[in-house]
1. Just to be sure, is Lys63 within 21 Å of Thr12 (Cβ to Cβ) and either under 12 Å from the mean Cα position of the chain (by Cα) or surrounded by fewer than 18 Cβ atoms within 10 Å (Cβ to Cβ) (or both)?
2. Among what's in the range 44-60 and is at pLDDT 90 or above and open to solvent by less than 90 Å² (accessible area, probe 1.4 Å), pick the residue that is nearest to the ligand (Cβ to nearest atom).
3. Residues of the range 33-74 being within 19 Å of Leu110 (Cα to Cα), in contact with a His (Cβ under 9 Å, 6 or more places away or on another chain) and assigned to a loop (DSSP other than H, G, I, E, B), which ones?
4. Which residues, counting only those in the range 5-32, are touching a residue at least 24 places away in the same chain (Cβ under 8 Å), open to solvent by 20 Å² or more (accessible area, probe 1.4 Å) and assigned to a loop (DSSP other than H, G, I, E, B)?
5. State yes or no: is Asp105 within 21 Å of Val27 (Cβ to Cβ) and either in contact with a strand residue (DSSP E or B) (Cβ under 9 Å, 6 or more places away or on another chain) or open to solvent by 80 Å² or more (accessible area, probe 1.4 Å) (or both)?
6. I need the full set of residues from the range 23-38 which are under 18 Å from Ala76 (Cβ atoms) and not small (Gly, Ala, Ser), in order please.
7. Considering each residue of the range 13-43, count those that are under 20 Å from Gly88 (Cα atoms) and within 14 Å of the ligand (Cβ to nearest atom), and give that number.
8. Tell me which residues, restricted to the range 66-91, are without any contact (Cβ under 8 Å) to a residue 60 or more places away in the chain and surrounded by 16 or more Cβ atoms within 10 Å (Cβ to Cβ).
Amino acid sequence: MEKELFKVGYRTDKLCIRCNEERGHIVTSVTKRGQISRVTCSMCDTVSRFQLASRTLPRPATKAPSPYDRTITYRAGQSMTHEMFGIGEVTKLIEPRKMEVLFHDRLRRLIHAQDHE
Ligand SMILES: [Zn+2]
C-alpha cells in the first residue's frame with residue numbers, strides 16, 4: 001500500500017544514472033493513482049522511469065545556505081534558504097529574472113536579480 005500521492009512538479013530523490021549521483025528529481029508524469037511514473041534529473045535533464053525501490057532520501061545540507069535574496073543574481077547550482085520553503089537549489093534560469101528552484105517538496109519558480117527599490 002502506497003498512500004503518498006504525487007503531482008507533476010513534486011520532488012523525489014534518486015540516483016541519476018547519467019550524473020552517477022543521488023539527486024533531487026522532478027516528477028514529470030504520474031499515473032492516475034497518483035504514483036510517480038517518470039522523473040527528470042534536476043541537473044542534467046535526463047528523464048527516467050521511476051520505481052519506488054530506487055528512491056533515496058534527500059541528502060542533508062552540510063551547512064545552511066545563505067538566505068534567499070531577490071536582489072541577488074543566482075546561477076544554476078546555487079543553494080539558498082527560503083523563509084517559507086526551506087533549503088532549495090537553483091536548477092535553471094528560465095528568464096533573466098526568473099529561476100526554478102528545487103525545494104525539499106517540489107519545484108518552485110522564484111524571481112531574482114531584482115533591483116533594489
Ligand atoms: Zn542527472
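1. Working: within 21 Å of Thr12 (Cβ to Cβ): no; either under 12 Å from the mean Cα position of the chain (by Cα) or surrounded by fewer than 18 Cβ atoms within 10 Å (Cβ to Cβ) (or both): yes.
For Lys63, the condition - within 21 Å of Thr12 (Cβ to Cβ) and either under 12 Å from the mean Cα position of the chain (by Cα) or surrounded by fewer than 18 Cβ atoms within 10 Å (Cβ to Cβ) (or both) - is not met.
2. If we filter the range 44-60 for residues that are at pLDDT 90 or above, which is where we start, we get 44-50.
Going one step further and asking which of them are open to solvent by less than 90 Å² (accessible area, probe 1.4 Å), we end up with 44-48, 50.
On the way: Cys44: 3, Asp45: 7, Thr46: 5, Val47: 10, Ser48: 9, Phe50: 13 Å.
Among those residues, the one meeting the criterion is Cys44.
3. Ser42, Tyr68, Asp69, Arg70, Thr71, Ile72, Thr73, Tyr74
4. Result: Leu5, Lys7, Ile17, Arg18, Cys19.
5. Details: within 21 Å of Val27 (Cβ to Cβ): yes; either in contact with a strand residue (DSSP E or B) (Cβ under 9 Å, 6 or more places away or on another chain) or open to solvent by 80 Å² or more (accessible area, probe 1.4 Å) (or both): yes.
So Asp105 fits the description; yes.
6. We begin by selecting, within the range 23-38, every residue under 18 Å from Ala76 (Cβ atoms); these are 23-26.
Answer for the range 23-38, where residues must be under 18 Å from Ala76 (Cβ atoms) and not small (Gly, Ala, Ser): Arg23, His25, Ile26.
7. Of the residues in the range 13-43, the ones under 20 Å from Gly88 (Cα atoms) are 13-16, 19, 21-28, 39-43.
The next check asks that each one be within 14 Å of the ligand (Cβ to nearest atom); those that pass are 13-16, 19, 21-26, 28, 39-43.
Counting residues in the range 13-43 that are under 20 Å from Gly88 (Cα atoms) and within 14 Å of the ligand (Cβ to nearest atom) gives 17.
8. First pass over the range 66-91, keeping only residues without any contact (Cβ under 8 Å) to a residue 60 or more places away in the chain: 66-88, 90.
Hits for the range 66-91 are Tyr68, Tyr74, Gln78, Ser79, Met80, Phe85, Ile87, Gly88, Val90.
The values are calculated or read from the model by the stated rules, or taken from the named source; none is laboratory data. Only a predicted model underlies this, so the values are computations on that prediction, with no experimental measurement involved. Backbone-built Cβ (ideal geometry, glycine too); neighbour counts: all protein chains shown. When the accessible area is computed, the model is the full protein with side chains, heavy atoms only, and any ligands, DNA or RNA have been set aside. Shrake-Rupley method; radii C 1.70, N 1.55, O 1.52, S 1.80 Å.
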